[in-house]
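The values are calculated or read from the model by the stated rules, or taken from the named source; none is laboratory data. Please read all numbers here as calculations on a predicted model, not as lab measurements. Cβ atoms come from the backbone with ideal geometry, glycine included; neighbour counts cover every protein chain shown. Only protein heavy atoms, including side chains, enter the accessible area calculation; ligands, DNA and RNA are left aside. Shrake-Rupley method; radii C 1.70, N 1.55, O 1.52, S 1.80 Å.
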Amino acid sequence: MSSARPSGHNWSRNPSPEEEEDPLDQMISRTGCAAFHYAVQECMAEHQDWRKCQPQVQSFKDCMYEWGHQMKRAEVEAAQGFFRPRS
């Protein structure tokens, strides 16, 4: 893999108070899929062709799908707990 990274993103792990982390990066970090996102970014920087990055895109997509599924499951469980009759 190439170490080249596209511009437009804050790649530092501990941003200084003057610079805030990109909101998209913050959102993706919360999903646990950041490594997959960065792999797509690195592949795109290297190849400049999304068609050559399909394995990385699919891995990121799978991770995001699983995260969404977990969030939906948590919402359902929370709703079930809310509507359970109290003893």
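Structural remarks
- Test result for F36, of a type in the set (F, W, Y), open to solvent by less than 70 Å² (accessible area, probe 1.4 Å) and at pLDDT 95 or above: no
- Subset of segment 30-87 (residues that are outside any helix (DSSP H, G or I) and in contact (Cβ under 8 Å) with a residue 12 or more places away in the chain): G32, C33
- Of residues in segment 4-33 being open to solvent by 50 Å² or more (accessible area, probe 1.4 Å) and closer than 22 Å to D62 by Cβ, the one modelled with the lowest pLDDT: L24
- Filter result for D49 (open to solvent by less than 80 Å² (accessible area, probe 1.4 Å), acidic (D, E) and out of contact with any Leu (no Cβ under 8 Å at 6 or more places or on another chain)): yes
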